[in-house]
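One structure is given below, encoded as structure tokens.
The values are calculated or read from the model by the stated rules, or taken from the named source; none is laboratory data. Note that the coordinates shown come from a computational prediction; the quantities given were computed from them, not determined experimentally. Methodologically, a virtual Cβ is constructed for each residue, glycine included, from the backbone with ideal geometry; neighbour enumeration extends over all protein chains shown. Heads up: the accessible areas ignore ligands, DNA and RNA and are worked out on the full protein's heavy atoms, side chains in. Shrake-Rupley method; radii C 1.70, N 1.55, O 1.52, S 1.80 Å.
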Amino acid sequence: MNLDKIDIPFEPPLKEPARQYYFIEKCAQYVKAESERLGRPLFSAVKTFGCQMNAHDSERLRGILLQMGFEESENEASDFVLYNTCTVRDNANQKVYGHLGYLKTIKKKNPHMKIALCGCMMQEKAVIERIKNSYPFVDLIFGTHNVFKLAELLYNCLTKDSMVIDIWDSGDIAVEALPSKRKYSFKSGVNIMYGCNNFCSYCIVPYVRGRERSRMPGEILSEIEALACDGVKEVMLLGQNVNSYGKTLKEPVSFASLLRQVCQIPGVERIRFMTSHPKDLSDELIETMRDCPKVCRHLHLPLQSGSSRILNLMNRRYTKEQYLELAGRIQKAIPNISLTTDIIVGFPGETEEDFAETLDVVTRVRYDSAFTFIYSKRTGTPAAAMENQVPEAVVKERFDRLLCQVQKISSQVCMRYAGTVQKVLVECENDHQIGYVSGRLDNNLLVHFPGDASLVGKLVNVKLTEAKGFYYIGKMAENS
Ligand code: SAH
Ligand code: SF4
Ligand code: F3S
């Protein structure tokens, strides 16, 4: 099909987001014509790997595709398939290659299918080379800095036969004013900053997401106001290190001050944020969390290791003692706060003594939950070149011990609300039990209780009648 024959009576605008709306319209005409020809709708599937930031980008990608007239599908055998990739650990990459193998067989049966890849993995040159050489059936590749360009790139891809590749090394402009399709109507992520400057020695994120850039507070607040008007009750402020938010703005603003401004927005009832780096966590933030009831009593405070020696090699810029002191100060100021964390096992040179320090912090802090990861060597990071990589069997054995300790504590800590009445934001009807709905507490724990679809998106009081280890069964309280 010759898309240029489609009658849009002007040249593509140079300014964003007008330019992307122009290409959305162009693609929409293609989708319409193709579905008429085939006598069925065209389907698109976006599959997300990785963190909340990728999940949020995927909502924007879905919004653009919907606007073009694609119908959303979960099925990877769709007319347009897009993988939003992650590269933080090697297993994230391997999953993508595995899926691509599967897509190859589908595309053989449906040669009109278009396959696209975007996200963090695509910012690595070696990955692009491998895809060019071993997966030539991929049609479109773009990166983390030009997610907003999907419409233009898809249009290029439809009008060319060869693979379209567009990767930017950095991204000063982030075009946010484009359609988005939220997974939940009542909660949403909101980017407050992009990139990371911390260069933890094991981590690839700063290389694939670029330097730290904070959005202007006004822009963030108007986005949240619009979300609130659209029925959003819970927002999650997103950044790799939200505690350093605003430091590089012309008129610096602290994260705590941004948080207080978000609290003022009518309709927003719950505010979460991810992720906090312990080195930048201020007293002002602790006080804000303590004083603002809309801010969830939950703090994700990645530890990574309990050994000061390893923390130093990781370039984390705090010691075991400083971390413990900080965690203690937070728990004292905000009783009942849920602390959660990330821990890496098997960083190069980690000894049994170092690992024992990690177990010690876990035992002392008593996290509500912890994500535990086996160290993964990422090419190009300083840690990849370190000697003394720990043998796999040793890492695995430590990992199992850590998991055991984390779960033991977590099952005790999480259940401390048994018997109390708590606010729950209802997310969905329960898949397993008819007549039940599922929702989340302020600290993100799941609660299942009798109710129907009319409760979805509402904040209700629920008495937590049964503690099940990592979730609760409850009953709606009278005064909801
Ligand atoms: N910016 C966030 C984390 C982003 S990555 C922060 O600093 O907390 C999420 C988690 O993945 C990290 O906290 C870390 O625990 C883990 N991670 C990052 N690089 C890793 C690697 N090379 N191997 C194993 N785990 C890693
Ligand atoms: Fe990675 Fe460290 Fe930045 Fe988190 S703070 S994204 S772990 S470099
Ligand atoms: Fe992965 Fe990129 Fe997030 S590497 S963890 S998707 S920032």
Exactly which GluC sites (Glu not before Pro) in segment 358-431 are in a DSSP loop and have at most 11 other Cβ atoms within 10 Å? Glu387
Quick check on packing: order 445-453, 399-407 by the mean number of other C-beta atoms within 10 Å, highest mean leading. 445-453, 399-407
Non-local residues with an amide H under 5 Å from the amide H of Lys47, with H modelled 1.01 Å from N and Pro and chain starts lacking one, are Leu82, Tyr83, Asn84
Size of the dipole of segment 200-311 about the Cα centre, Lys and Arg at +1 and Asp and Glu at -1 on the beta carbon, nothing else charged, in debye to 20? 400
At a threshold of 8 angstrom on Cα-Cα distance, excluding pairs fewer than six apart, so keeping six or more, what relative contact order does the chain reach in percent? 9
Residue-wise HN-Hα coupling along segment 178-193, computed from phi with Karplus coefficients 6.51, -1.76, 1.60 (Hz; x: Gly, Pro): 10, x, 8, 10, 6, 5, 10, 6, 9, 9, 8, x, 9, 6, 10, 7
Using the Cα centre of segment 267-360 as the reference point, and only Cβ charges (+1 on K/R, -1 on D/E), how large is the resulting charge dipole? Debye, rounded to the nearest 20. 420
Please provide three numbers in whole Å: the alpha-carbon extents of the chain along the principal axes, with the largest listed first. 67, 61, 49
Could you give me the ³J(HN,Hα) list for segment 244-254, computed from phi with Karplus coefficients 6.51, -1.76, 1.60 and θ = phi - 60°, whole Hz, x at Gly and Pro? 9, 3, x, 5, 9, 6, 4, 10, x, 10, 7
Between Ser257 and Ala28, how high is the FRET efficiency from 1/(1 + (r/R0)^6) when r is the Cβ-Cβ distance and R₀ = 41 Å? Nearest 0.05. 0.50
May I ask which residue of Thr288, Ser78, Gly451 lies farthest towards the positive end of the charge dipole of the chain, with charges of +1 (Lys, Arg) and -1 (Asp, Glu) on Cβ and the Cα centre as origin? Gly451
Output ³J(HN,Hα) for segment 112-125: one whole-Hz value per residue in order, computed from phi by the Karplus curve 6.51 cos²θ - 1.76 cosθ + 1.60 with θ = phi - 60°, and x for Gly and Pro. 6, 4, 10, 10, 10, 10, 8, x, 4, 4, 6, 7, 9, 4
Taking Asp172, Asp354 and ranking on accessible area (1.4 Å, protein atoms only), highest first, one gets Asp172, Asp354
If you count only protein heavy atoms with a 1.4 Å probe, what accessible area per residue comes out for the chain, rounded to a whole Å²? 45
Counting only residues 5 or more places away or on other chains, whose amide H sits under 5 Å from the amide H of Cys428 once H atoms are built in the peptide plane? Ser438
Loop-resident trypsin sites (Lys or Arg not before Pro) in segment 214-311 with no more than 14 other Cβ atoms inside 10 Å, DSSP not H/G/I/E/B, are Lys250
Distance in Å, no decimals, from the C-alpha centre of segment 171-239 to the one of segment 256-293 is 15
Say R0 is 25 Å: what FRET efficiency, to the nearest 0.05, do Glu387 and Ala126 get from their beta-carbon distance? 0.65
Sorted by chain and number, the residues with a modelled amide H under 5 Å from that of Ser338, at a separation of 5 or more or across chains, are His298, Leu299
Sequence-distant lysines (8 or more away, or on other chains) whose Cα lies within less than 28 Å of Lys294: Lys181, Lys183, Lys187, Lys233, Lys247, Lys279, Lys332, Lys423, Lys458, Lys463, Lys468, Lys475
Please get the size of the charge dipole for the chain, origin at its Cα centre, with Cβ charges of +1 on Lys and Arg and -1 on Asp and Glu, quoted in debye to the nearest 20. 360
Can you find, among Tyr471, Asn198, Leu14, the residue sitting farthest towards the positive end of the charge dipole of the chain, where Lys and Arg contribute +1 and Asp and Glu -1 at Cβ? Tyr471
Given charges at Cβ of Lys, Arg, Asp, Glu: the chain dipole, positive-most of Gln405, Leu150, Asn315: Gln405
